[in-house]
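These notes concern the structure reproduced below.
Taken together, the values in this text are just the output of simple stated rules run on the coordinates, not laboratory data. None of the values given here were measured: they were computed from a predicted structure. Cβ atoms come from the backbone with ideal geometry, glycine included; neighbour counts cover every protein chain shown.
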Amino acid sequence: MLVTEDLLTDLSIPHERDVPLGPRTWFGIGGRARILAHPRNHEDLCAIVKRCREAGAPCHVLGAGANLLVADEGVDGVVVVLDAPGFNQLEITASKLRVGAGYNLFKLINETVHRGLAGLDVLAGIPATIGGAIRMNAGGAFGDIGRVVRSVTLMDSHGETFNRDRSDLVFAYRSTNIDSRFILEAELDLVEEDPVELNKRFKQVVAYKQATQPLNANSAGCTFKNPVDDPLTHEKRPAGKLIDLAGLKQTRIGGAEVSAQHANFIVCHKGCSATDVVQLIAHVQKMVQEKFGVELEREVVIWP
């Protein structure tokens with residue numbers, strides 16, 4: 001459906017029209033949002049959700065834009081950004097904390113490490129909001145966020161709000177069983193630890209990421225999930241290694257290139273388009289499939 005730009009006008013909710021989304025993503029490229037909305041609280045978000053449902057309009061959530069590629073033609077409907085204080089609260093009691101979905105993960109990691117609370121330090125170097133990190137069970141070689149999530153507060157496509165606790169949540173490799181459109185907030189269980197030792201470990205994780213990944217390039221992080229090798233042990237073969245062995249490092253289409261530093265990263269050069277990235281992703285998948293019989297699954301989300 002083609003959405004009119006006055007869809008939210010009568011709701012008195014802060015929003016902008018025809019907004020470029022590229023600058024809000026780590027790729028730095030892509031099209032525009034028909035409407036970019038900034039709900040102030042859960043009530044505003046509920047109103048947006050109901051209006052989009054009534055109008056048959058798509059409704060997307062934009063977090064840190066770290067694993068997102070926006071198509072060159074842009075996004076119809078409403079893109080929601082949870083950047084208001086109502087979605088960025090933080091309450092810490094002993095080793096438990098409640099945090100809003102819009103809270104910046106990097107900021108929260110620094111806060112918890114400073115307080116001597118371990119559990120999130122393993123996510124150092126991963127750009128995300130809390131909601132986005134939980135949605136994809138963000139993690140890496142040192143662990144994932146799922147292991148510290150105690151409960152989440154969610155909103156469904158009807159605007160209804162409800163909670164799900166640990167016993168009802170499943171966290172797997174880069175995925176969860178959370179199917180509700182919106183994560184509003186979460187409770188996390190961390191572990192008290194000596195702040196000095198914790199900070200040392202945190203810095204080691206950051207140093208490892210800086211040495212092995214092109215963190216200063218326009219990239220969305222790992223492009224592909226690591227494919228499962230053994231169905232019994234679920235041991236994963238690194239996608240980057242398969243791409244490297246296929247001889248694809250520095251392969252380039254337009255302004256998009258497979259990183260020379262880490263083959264599972266696609267980096268954007270000047271003049272790169274989202275179409276260049278999409279075509280390079282497809283080429284890498286095709287070549288790895290032909291050489292190893294492995295079908296690489298995207299980790300990067302592509303809108304629409």
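Here are some notes:
- Structure-derived mean projected area of the Cα convex hull in nm² - corresponding label in [x] 16.2; [y] 17.8; [z] 15.3: [x]
- Note on the stretch 88-197: semi-axes of the ellipsoid equivalent to its C-alpha gyration tensor, largest first and rounded to whole Å, are 23, 15, 12.
- Cysteines (scope the chain) whose Cβ has no counterpart Cys Cβ under 4.7 Å: C46, C222
- Calculated translational diffusion coefficient of the stretch 9-85 (37 °C, 0.692 mPa s; Stokes-Einstein with Kirkwood radius over alpha-carbon pairs) equals 260 µm²/s.
- Which of V80, V19 has the fewest Cβ neighbours within 10 Å, and the rest in rising order: V19, V80
- Neighbour-count ranking [beta-carbon atoms within 10 angstrom, fewest first] of I243, I13, I130, I302: I302, I13, I243, I130
- Loop chymotrypsin sites (Phe, Trp or Tyr not before Pro), the stretch 73-143, which have at most 16 other Cβ atoms in a 10 Å radius of their Cβ (DSSP): F142
- Rg in Å to one decimal, and Dmax rounded to a whole Å, for the stretch 181-273 via C-alpha atoms: 17.6, 49
- Each Lys and Arg adds +1 at its Cβ and each Asp and Glu adds -1 at its Cβ; summed about the Cα centre, the stretch 76-133 shows a dipole of about 220 debye.
- Charging the Cβ of each Asp and Glu at -1 and of each Lys and Arg at +1, and nothing else, the dipole of the chain about its Cα centre rounds to 720 debye.
- Most simply put, the stretch 1-154 has about 60% antiparallel DSSP beta bridges, counting only bridges with both residues inside it.
- Value of [θ]222 nm, deg cm²/dmol, for the chain, DSSP H segments ≥ 4, -39500 (n - 2.57) each, nearest 500: -7500 deg cm²/dmol
- From the alpha carbon centroid of the stretch 248-295 to that of the stretch 117-178 is 28 Å.
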